[in-house]
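Notes for the one structure printed next.
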Amino acid sequence: MKKNRKIFIIAGILVVIAILLYIFLWMLTTKQPLKLNDPVRNAILQKNITRILVRNSTQVLAMVVSAVLIATTSLVFQTLTNNRILTPSLIGFDAIFVTIQTFIIFIFSSTSILFYNPYVNFITATLLMIIITLFMYRLILRKNRNNIIFLLLVGMVLSTLARSSANFLQTIMDPAEFDSLIIRTQVSITQMNLNVIWIATPLMIFIIFALFREIKNYDVMALGESQAVGLGVNYNQKMNLSLIYIAIAMSISTALIGPISFLGLIAVNAARELLKTYKHLPLFILSSMIAVIFLVIGQVIVAETGYLTSVTVLISLIGGAYMIYLVLKENKI
Amino acid sequence: MRLFIRQSIVKKINKKRLFLWLAFIILTILSLIIGVVDHQQGLFENIGIFIKGVFDQDALSLRILTQSRIPRTIAIIITAAGVSVAGLVMQTISRNKFISPSTAGTTDAAVLGVLIGMLIIQTQTYTMKIVFAFVFSLLSTGLFMFILRKIKFKNIIYVPLVGLMYGAMISAVSTFIAYRTNSLQFLNTISINGFANKAAGTYEFLYIIVPVFIIVIFLATRFSIIGMGEDFAKNLGIKYGHVLSAGLIIIAIISSLSFVLAGALPFVGLVVPNLISYYYGDNVKRTVIDIALFGAVFVLLNDIFSRIVIFPYEVTISFTMGITGAIIFLFMIFRRMKYEKK
């Protein structure tokens, strides 16, 4: 237990360092000197500094909340699937997101309020994504209980279908409409959709708390369905509820910071390796911390090295290699 | 009695086969006559002009026929048959119905190969693209088969999921390299291709698939046997390693050629062998020709659709294919689920 406490303290310090680095590092490494004696320019400089600090803090807030959400939903998903490699991002929410935006612009044109207003657009897109995901769950889980792996396969095929139909519509679309579509759909960690952060963050925090409240049930559910039912957990109800939370979480985080496929896999498995436990509470906390560290420090490194690559690619590379390692080390699955 | 049942089954299969051949011939003719001669006219007027031109020995129509329509149709047939058979070989070797070159990272590796070839040699000839795509898809398929053998939990759906993640990792490597070398735009154009630009002089490499296809027919039984496992194959006196490498090379040749010359054809390698095995069973030697034929019919149908949907323009076949293939694949999944429930 003492050893674990050490791990938590180190991870906590790293999280704080990462956040501080993200907000303040540019001050130390910027090539322009920040101190000027001219009082007029000084006022402008100070205003700009405040503006940059506010922007960086907003971004880091979005990243932290999304990272925590990705880590926790991946952990819950792995408990439900009883598998250490699958994560909900495999369903391909980014393709569904792009398709929804394409359909909105194709049917209502880019001057419609559904597209033009970022709030209305975000709410519409997220709602549609949630409806599609719930529809998928109903279709599969009603017929074939607990077959979540099946759900993943259908999800992946559906996302290919979505991508193809989006491409199809984009080919025959008006070029001007296509330009406005590209601006809206290319959401990534360096181009966050910061307009909507103030509605997305409270929702995400709500889901994190909702999952947190169920932690004891997840401990029981990890034993398997029949054991969990025997111990008095309403397995199906809890599973459906968790899947709904996961759908909402993935939809929001995709619309806010874009898809990051392997982050959940790295965070949860690293937490498992470090703690060597099956209890969800410590895993929940440590995997969230690891996800934040990876995402924020990764972004700091990428930004400081002059954008040699994007952090999404970096995480995919590390995560992919880690996944193959996990698969090859048979007993770890 | 037994003999009688057998005969009636054979009759039924022959009837289906006849139907398949008929569809194939009709679609081939359609593929030859549909297209643009005069872009100001509609679809049916164009067909009329073309047919009349061919019968009147009109120089323009004949040139269109020999330089564009025939090469395009041949390219479609060969590619479709090849990709379907490559999917069949992969599914037989790995004994998993949900595996195909597009769900096991082979296509992603071909993209990586073309990218690296372009960066090293700086030219974009077909030969160079094919060689690099071949080497990379061979290495990648080999590595994937190696990983497959190490997986303990061989759920039929879990394995393609691992394959897709593996493919995602390979395309992350491609994106990384392209980002560093400022060739992201080139990367995006690699997989966009199709049959629209196939004219005399650009498709001839595809003929390499024909002898490979004949080799598959000869090796079909061996592939089925090594699908049953290494020990079993050795018991029957088959050189496991040799046949496996032959299979991997065949998959890599077909995938790289079809990918470089015709672009990605999503779901063909997955859907076609599965649909055929519903009707004819799993005897690879007997079904390989049906699979090739059905693949050709399927892709011809999609190509004709993409040609007429926004006539006189056309959409890329991979989009159409992604939509129709996905719908059929979903249908297959649900059907399987229904049977498993019973």
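The values are calculated or read from the model by the stated rules, or taken from the named source; none is laboratory data. Only a predicted model underlies this, so the values are computations on that prediction, with no experimental measurement involved. Quick reminder, even Gly has a Cβ in these numbers, built from the backbone with ideal geometry, and neighbours come from all protein chains shown.
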query = If only one of A:Thr58, A:Thr99, A:Thr29, A:Thr81 is hydroxyl-bearing (Ser, Thr, Tyr), modelled with pLDDT under 85 and surrounded by 14 or more Cβ atoms within 10 Å (Cβ to Cβ), which one is it?
reply = A:Thr81
note = The residue that is nearest to B:Gly35 (Cα to Cα), considering only those in region B:309-323 that are within 9 Å of chain A (Cβ to nearest Cβ) and in contact (Cβ under 8 Å) with a residue 40 or more places away in the chain, is B:Thr316
message = Under 8 Å between Cβ atoms, which residue pairs at least 6 apart in sequence (or on different chains) link something in region A:114-137 that is without any contact (Cβ under 8 Å) to a residue 12 or more places away in the chain with a partner that is of a type in the set (Val, Ile, Thr)?
response = A:Leu114/A:Ile104; A:Leu114/A:Val120; A:Leu114/A:Thr124; A:Val120/A:Ile113
ask   = Do we find that B:Ser306 is within 10 Å of chain A (Cβ to nearest Cβ) and more than 16 Å from the chain's Cα centre (by Cα) in this structure?
value = yes
request  = Restricting attention to helices (runs of 4 or more DSSP H) lying wholly within region A:84-189, give those where 2 or more residues are within 12 Å of chain B (Cβ to nearest Cβ).
outcome  = A:93-108, A:118-143, A:148-171
Every residue from region A:292-309 that is within 16 Å of the chain's Cα centre (by Cα) and either within 14 Å of chain B (Cβ to nearest Cβ) or on the phi > 0 side of the Ramachandran plot (or both) = A:Gly298
query = Does region B:93-110 hold any residues that are polar (S, T, N, Q) and surrounded by fewer than 24 Cβ atoms within 10 Å (Cβ to Cβ), and which are they?
reply = B:Ser94, B:Asn96
note = The lone condition B:Ala133 fails out of (1) more than 11 Å from chain A (Cβ to nearest Cβ); (2) under 23 Å from B:Lys97 (Cα atoms) is (2)
message = Taking the criterion of being at negative phi, away from chain A (no Cβ under 14 Å), in contact with a Pro (Cβ under 9 Å, 6 or more places away or on another chain) and assigned to a helix (DSSP H, G or I), would at least one residue in region B:106-123 satisfy it?
response = yes
message = Looking at A:Met289, A:Met323, can you tell me which residue is part of a helix (DSSP H, G or I), within 14 Å of chain B (Cβ to nearest Cβ) and touching a residue at least 24 places away in the same chain (Cβ under 8 Å)?
response = A:Met323
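Does B:Val10 qualify as being closer than 26 Å to B:Gly201 by Cβ and modelled with pLDDT under 85?
no
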ask   = Taking region B:124-139 as the search range and keeping residues that are of a type in the set (Ser, Thr, Tyr) and in a helix (DSSP H, G or I), which one is surrounded by the fewest Cβ atoms within 10 Å (Cβ to Cβ)?
value = B:Thr127
note = When region B:260-303 is checked residue by residue, the ones that are among the aromatic types (Phe, Trp, Tyr) and more than 14 Å from chain A (Cβ to nearest Cβ) are B:Tyr278, B:Tyr279, B:Tyr280, B:Phe294, B:Phe298
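Take region A:256-286 and flag every residue that is within 14 Å of chain B (Cβ to nearest Cβ) and outside any helix (DSSP H, G or I).
Step one: filter region A:256-286 for residues within 14 Å of chain B (Cβ to nearest Cβ), giving A:258-266, A:269.
Once the filter is applied, which keeps residues that are within 14 Å of chain B (Cβ to nearest Cβ) and outside any helix (DSSP H, G or I), region A:256-286 yields A:Gly258, A:Pro259, A:Ile260, A:Ser261, A:Phe262.
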key: Long-range neighbours under 9 Å by Cβ, at least six apart or interchain, first residue in contact (Cβ under 8 Å) with a residue 12 or more places away in the chain and closer than 25 Å to B:Leu265 by Cβ within region A:157-183, second part of a loop (DSSP other than H, G, I, E, B) and among the small types (Gly, Ala, Ser)   = A:Leu158/A:Gly92; A:Ser159/A:Gly92; A:Thr160/A:Gly92; A:Ala162/A:Gly92; A:Arg163/A:Gly92
key: region B:197-231, residues that are β-branched (Val, Ile, Thr), assigned to a helix (DSSP H, G or I) and either over 16 Å from the mean Cα position of the chain (by Cα) or under 25 Å from B:Ser277 (Cβ atoms) (or both)   = B:Ile209, B:Val210, B:Val212, B:Ile214, B:Ile215, B:Val216, B:Ile217, B:Thr221, B:Ile225, B:Ile226
task = Would you mention how many residues in region B:291-330 are among the acidic types (Asp, Glu) and modelled with pLDDT of 90 or more?
result = 1
ask   = How many of the residues in region B:176-195 are touching a residue at least 12 places away in the same chain (Cβ under 8 Å), within 12 Å of chain A (Cβ to nearest Cβ) and surrounded by fewer than 20 Cβ atoms within 10 Å (Cβ to Cβ)?
value = 4
query = If you scan region B:94-127, which residues turn out to be closer than 30 Å to B:Met228 by Cβ and among the aliphatic types (A, V, I, L, M)?
reply = B:Ile99, B:Ala104, B:Ala109, B:Ala110
ask   = Quick check: anything in region B:144-166 under 23 Å from B:Leu270 (Cα atoms), away from every other protein chain (no Cβ under 14 Å), surrounded by fewer than 23 Cβ atoms within 10 Å (Cβ to Cβ) and of a type outside the set (Gly, Ala, Ser)?
value = no
